[in-house]
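Asks: Before we start, here is the structure in question, set down as structure tokens.
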Amino acid sequence: MAKTTYSTKRYGTRYGRRLREKAAVIEKEQRKSHKCPYCSYPKVKRIAAGIWQCGKCKAKFASRAYTITKSKSEVAA
């Protein structure tokens, strides 16, 4: 039996397992709590693709589309 990814359950059997798993990884990273680069408060929300806002200091800033920090593979390269 395949591992169920709850965030992509809405797709049902469409699009293939690998694409649904990739989408689940991206959505999980996007929705986790991120740290504000200005005040270090861990409550930054994504407003739009690449636009983030801190819940405490209300700082709006641009970063990556789905995450604020760089992934480990990008840091190593």
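Read-outs: derived from the displayed coordinates by stated rules, not from any lab. Source: prediction; values computed, not measured. So basically every Cβ, Gly included, is an ideal-geometry build from the backbone, and we count neighbours across all protein chains shown.
Asks: Among the listed pairs LYS9/LYS58; LYS32/LYS56; LYS9/LYS35; LYS9/LYS32, which are separated by more than 26 Å between their Cα atoms?
Replies: Numbers: LYS9/LYS58 33 Å; LYS32/LYS56 17 Å; LYS9/LYS35 28 Å; LYS9/LYS32 18 Å.
Checking Cα-Cα distances, LYS9/LYS58; LYS9/LYS35 exceed 26 Å.
Asks: FRET efficiency for LYS22 and LYS60, Cβ-Cβ distance as r, R0 = 30 Å, nearest 0.05? It would help to have the intermediate numbers written out before the result.
Replies: Details: r = 29 Å, r/R0 = 0.95.
Computed FRET efficiency for LYS22 and LYS60 comes out at 0.55.
Asks: On a full-extension model of 0.36 nm per residue, what is the gain between GLN53 and SER7, subtracting their alpha-carbon distance, rounded to one decimal in nm? Mind showing how you got there, number by number?
Replies: Details: separation 46, 0.36 × 46 = 16.56 nm, distance 2.29 nm.
Length gained between GLN53 and SER7: 14.3 nm.
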